[in-house]
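Written below as structure tokens is the structure these notes are about.
The values are calculated or read from the model by the stated rules, or taken from the named source; none is laboratory data. Fair warning: this is a prediction, and the values are worked out from it, not measured in the lab. Methodologically, a virtual Cβ is constructed for each residue, glycine included, from the backbone with ideal geometry; neighbour enumeration extends over all protein chains shown. Heavy atoms of the whole protein, side chains included, go into the accessibility calculation; ligands, DNA and RNA do not. Shrake-Rupley method; radii C 1.70, N 1.55, O 1.52, S 1.80 Å.
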Amino acid sequence: MISGIAIQRLVRGLPVPLAVSFVITNRCNYKCAYCDRWRLHTPELSTSQVLTMVHGLRDLGMHFFQITGGEPFLRQDLGVICKTAKALGLYVGVNTNGSLLKPDSEVLKFVDRLTFSLDGPREVHETARPRGSFDDVMRAIEVAQKAGVKVGITTTITRANWAFTGYMADLAARLGVNIAFQPAFEYALSSDRKNTYSPEPWMVRRALAAVRKSTARDAVTNDRTVMALMSMWPRDQGLQCAGGRLFFRIETNGDLLICGIKDKPGGKHPNILLNGLDNALQMVPRPDCTRCYNHTRLKVNMLYTLAHGDLGLLSLLVKRVFLP
């Protein structure tokens, strides 16, 4: 499962970009209440720069390529990028609000998984999102399923929807899709602005307790251990972070980060264009945080903490986390 070059780099103590989240654009046709990414105006990598980056990351051990934004479907070259990544043997995922997905989209031919944000029933989901966004997601899920693409839902636990997590698990089961839950961060995404939708710790605990009691548990990708760790948010979870070693985030302009939490406006980061891809990977500082709200990274960090460099367990990490 892990490529030979990835194993060689791990043995040498070098970082391996096993899973990379790429912010393809900050532009978005939505202005969600707990996200400020659409306010950013950073340059975007050109098509040729993105394709060169994808080839380079694959050569350094990348297996999972997640495209996010902003709204990725605002990039006219999204289909070409997905096609190239798929031809290189990568597992390709796209996070989208679903509003721009069309049945004839080329992306549907080359993506392994589409992930949509859905926070509750219409009246709850649209408290933080534009009117009509609930119907956008439901239509997009149907389009993806008809195309044979695997679908996932991410529900962000907020002050507005913490009492609806059981409902969401049941909805996912009825739709035949997977669903993951995670608490909203205390700051708006890509901003220093306090997130007024961020839940109180007791709201997170109650929300996850409802998920554990749901009869639709098979639709939920958060396993019980991850939910137990997530219930500690925002306290220290005592885990080692695999960020900067196994997973990375690349911004629209080529800045290389550990994850979205480290994305502070005006911050200085290594850049794949200025520093070169491999050099930039090695320049990313080791993380100093011991808490995480993201359901996927929590699972990676849990297994990474258990592995302590054991390559067999790292192989298990790949299978357990990215191919639910």
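Quick check: is even one residue across segment 127-145 touching a Pro at 6+ places or on another chain (Cβ under 6 Å) and either polar (S, T, N, Q) or more than 19 Å from F64 (Cα to Cα) (or both)?
Checked segment 127-145: at least one residue is touching a Pro at 6+ places or on another chain (Cβ under 6 Å) and either polar (S, T, N, Q) or more than 19 Å from F64 (Cα to Cα) (or both).
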TODO: Among the candidates T115, T158, single out the residue that is touching a residue at least 12 places away in the same chain (Cβ under 8 Å), among the hydroxyl-bearing types (S, T, Y) and touching a Gly at 6+ places or on another chain (Cβ under 6 Å).
DONE: T115
Task: Conditions (1) among the polar types (S, T, N, Q); (2) open to solvent by 60 Å² or more (accessible area, probe 1.4 Å); (3) over 30 Å from I7 (Cα atoms); number of the one not met by T225 - done: (3)
Open item on the list: Cβ contacts < 6 Å: first residue among the aliphatic types (A, V, I, L, M), restricted to segment 274-288; second residue loosely packed, with under 15 Cβ neighbours inside 10 Å and part of a loop (DSSP other than H, G, I, E, B), any location; separation 6+ or different chain. Result?
Closed with: none
Task: Evaluation of N195 against (1) touching a helix residue (DSSP H, G or I) at 6+ places or on another chain (Cβ under 7 Å); (2) of a type outside the set (K, R); (3) at pLDDT below 95; (4) closer than 15 Å to N161 by Cβ (one fails), failing number - done: (1)
Task: Search result, residues across segment 116-128 that are within 19 Å of the chain's Cα centre (by Cα) and of a type in the set (D, E, K, R) - done: D119
Open item on the list: Looking at N275, N279, N271 in this structure, which one is over 25 Å from V11 (Cβ atoms) and either in contact with a Pro (Cβ under 8 Å, 6 or more places away or on another chain) or at pLDDT 95 or above (or both)?
Closed with: N271
- [ ] Check segment 300-317 and report whether any residue there is modelled with pLDDT of 85 or more, crowded, with 20+ Cβ neighbours inside 10 Å and closer than 30 Å to K268 by Cα.
- [x] yes
- [ ] May I ask you to list the residues in segment 93-109 that are part of a strand (DSSP E or B) and open to solvent by less than 40 Å² (accessible area, probe 1.4 Å)?
- [x] G93, V94, T96
